[in-house]
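Have a look at the structure below, then the notes.
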Amino acid sequence: ISQICETGGDAKGTFYNYFDSKRDILSHLAIQLNERLADTFSYDENQSCTQRYLQFVQDYMRLVKEDGHDFSKSCMQMLISESMTGAEVRLDIQQKYLYELLEKGQQQGEFNSGMTKEDFFELWRAAVLGVISLWAIEKDNYDLMREGYQSLAAIIQLM
């Protein structure tokens, strides 16, 4: 909390006027990311479900990159150290969109039913955490927009 306040140029007391803990601020920031991501969801009926998924992946990587390497790395460290759950960061926003997309793709015959939407989402969640972790670890040696996108884009083929 001291580092957060120092970086922001605020006193610790100011922090506690808005948040009770690091966990609260992390939850707030992660919810903001998920809400910003929801604003980019594409519902263009002229696009295939695969195209919409790939746009979702691109938008996700762009938002993470906009937040910056240091911020994303700090968030990842705090998620791990605070054992934050998907519910606490509103991961249900991503889950709902992906479920709808996968169901529509299955109904239209674009995706087979070889994998459940629940299994796909668990794979998605693990892949996202892996991509962001790799970027946090490797920074300049990991192209988030290219390599992260490729990793997340590839998993739609499992559907």
Grab the beta carbon distance between Lys73 and Gln107, set R0 = 35 Å, and tell me the FRET efficiency rounded to 0.05. 0.35
How many percent of the alpha carbon pairs in region 1-148 exceed a separation of 29 Å? 24 percent
Taking a cut-off of 22 Å between Cα atoms, list the lysines near Lys96, but don't count ones fewer than 8 places away on the same chain. Lys104, Lys117
Reachable aspartates and glutamates from Lys73, Cα under 16 Å, same-chain residues fewer than 8 places away excluded? Glu82, Glu138, Asp140, Asp143
Which of the chymotrypsin sites (Phe, Trp or Tyr not before Pro) found in region 21-120 are in a DSSP loop and have at most 12 neighbouring Cβ atoms, other than their own, within 10 Å? Tyr43
Note the full-extension length gain between Lys139 and Ser81 as 0.36 nm times their separation in residues minus their Cα-Cα distance, in nm to one decimal. 18.8 nm
How far, in nm, would the chain grow between Asp10 and Tyr99 when pulled straight, counting 0.36 nm per residue and subtracting the alpha carbon separation? 27.9 nm
Keeping all protein chains in position, work out how much accessible area Asp67 exposes to a 1.4 Å probe, and write it in Å² to the nearest 10. 50 Å²
At 7 Å along the Cα-to-beta-carbon direction for both Gln47 and Leu123, put a label point, then send me their distance in nm to one decimal. 2.1 nm
Roll a 1.4 Å probe over the protein chains and send me the accessible area per residue for region 22-159 in Å². 53 Å²
Please give the FRET efficiency for Leu158 paired with Ala38, using the beta carbon to beta carbon distance and R0 = 30 Å, rounded to the nearest 0.05. 0.80
Taking the C-alpha atoms of region 93-159, how large are the radius of gyration and the largest Cα-Cα span, Dmax, in Å? 13.4, 41
Per-residue ³J(HN,Hα) for region 124-138, Karplus 6.51 cos²θ - 1.76 cosθ + 1.60, θ = phi - 60°, Hz, x for Gly and Pro: 4, 4, 5, 5, 4, 4, x, 4, 5, 5, 4, 5, 4, 6, 9
For region 13-154, what relative contact order do you get, as a whole percent, if you take Cα pairs closer than 8 Å and at least 6 residues apart? 32 percent
To the nearest 10 square angstrom, how much accessible area does Thr50 have with a 1.4 angstrom probe? 40 Å²
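The values are calculated or read from the model by the stated rules, or taken from the named source; none is laboratory data. Just so you know, these numbers come straight off a predicted model, no measurement behind them. Virtual Cβ from ideal backbone geometry, glycine too; neighbours counted across all protein chains shown. Please note that ligands, DNA and RNA were not included when accessible areas were found on the heavy atoms of the full protein model with its side chains. Shrake-Rupley method; radii C 1.70, N 1.55, O 1.52, S 1.80 Å.
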